[in-house]
1. Considering only the stretch 279-295, state which residues are closer than 17 Å to Leu64 by Cβ and among the aromatic types (Phe, Trp, Tyr).
2. As an exercise: evaluate Val255 against (1) surrounded by 14 or more Cβ atoms within 10 Å (Cβ to Cβ); (2) at pLDDT 90 or above; (3) not polar (S, T, N, Q) and give the number of the one condition it does not meet.
3. Confirm whether Val225 is modelled with pLDDT under 95, under 20 Å from the mean Cα position of the chain (by Cα) and of a type in the set (A, V, I, L, M).
4. Restricting to the stretch 322-349, give me the number of residues that are among the charged types (D, E, K, R) and modelled with pLDDT under 95.
5. Would you pick out the residues in the stretch 80-96 that are of a type outside the set (Lys, Arg) and either in contact with a Leu (Cβ under 9 Å, 6 or more places away or on another chain) or free of Cβ contacts under 8 Å to residues at least 12 places away in the same chain (or both)?
6. Looking only at the stretch 301-357, count every residue that is assigned to a helix (DSSP H, G or I) and under 19 Å from the mean Cα position of the chain (by Cα) and tell me the total.
7. Test Pro174 against the stated conditions and say whether it is modelled with pLDDT of 95 or more and on the phi < 0 side of the Ramachandran plot.
8. Can you list residue pairs whose Cβ atoms sit under 7 Å apart, with the first residue in the stretch 168-186 being free of Cβ contacts under 8 Å to residues at least 12 places away in the same chain and the second being surrounded by 12 or more Cβ atoms within 10 Å (Cβ to Cβ) and of a type in the set (Ser, Thr, Tyr)? Count only pairs 6 or more apart in sequence or on different chains.
Amino acid sequence: MSSTAVDLAASKVAEQGVGDVRVFAFDHLPGLDALRFAAVYLIVLSHLGYKHVAGFGVPILMALSGFLVTILLLREHERTNTIDVRKFYRRRFFRIAPQYLAFLILAFSADWFFGNPWPDGLIYFAATYTVNYYNAIHGHPDLLIAHVWTLAVLEQFYLIWPPICAWLVLRKHPERYLLAIIGVVILWRSFAYYVVFDRTPSWVYNALDCRLDSILVGALAAFAVFRLQLRLELLRKLPWAAILVATAAIALIKVSNDWKPWHYSVGYTVEALLAMVAIFAIIVAARFGPLRVLENKVIGWLAGISYGVFLYHSLAIGAAKKVASGPATLWAVSTVIVLMLAAASSRFIERPASRWR
């Protein structure tokens, strides 16, 4: 989210290669603003009770985050022959931390005011971006903070990834190392689900060590983009086919998500792969065909506040439940409130903090 954790990195990448000959060789990857916001809003809808959209947002968000942040790091290395890890951490901190701190204060205060005080120790997990491990150990609490496990997973990845990426970029076959790590994660997750936790999904659902592959699939795709010569002329006639491919891939994510024994073992990896297929297809369709309509100022604005939408949506839903009389009203009021909160947070917290980046 251009301010999201889930930014989750910006969708803008500098021109790559010699001339505009590759599908991913432009200053802006079309369609990704819409995808960033859609992934977040699908999570919001699932928390509003729309179960038919549950399971789509997280795999798309994780794969997209790994892809975008790796593209940015690889572009930096291509320009400067290095990756400035300290600069990355500084920019990440001032992009994420100020709004996150504001959310923590609001969530803690609201839960306390309405008689739902946080359990002992939760505040320390929240302050250290480790709510995912609190959830893994104790289960998801019925509190306004519970959903930030996703943000915690991503932030933990951003902490370890820059130096690893800087090392991988010097290797002749970085994809082999990434595939090996992904394979190890699949094996560990399957063992953890079936043996260690006896098919109790809390740990494999929340812990970075069991979700890392979902993000690394996006990183692997980024390395592939830098190595594969994808000629534009080969794709100009495929925008409608790309839409069909994206639709099929997203539908298959739901199929994988609904088959739990598969979902908690190999499924996370497959869902991330399907998400990347959908992401690539949408880029093609938005670059050459009917999805060009996704490139507009409204979508850009929504993408720009999508981090805030993700953060504050639990507060918005909680407030809307106090006045809403039915599902449609709850959806409408929640959406209005969260957009207002996210816009205000962007204007009065994110923008002032950005000068320190």
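1. Result: Phe280, single match.
2. Every listed condition holds for Val255 apart from (2).
3. yes
4. Total meeting the criteria: 1.
5. Thr80, Asn81, Ile83, Asp84, Phe88, Tyr89, Phe93, Ile96, listed by residue number.
6. Qualifying residue count for the region: 18.
7. no
8. Pairs found: Arg171/Tyr177.
The values are calculated or read from the model by the stated rules, or taken from the named source; none is laboratory data. These numbers were taken from a predicted model, which means no experiment stands behind them. No Cβ is skipped: glycine too gets one built from the backbone with ideal geometry, and neighbour counts run over all protein chains shown.
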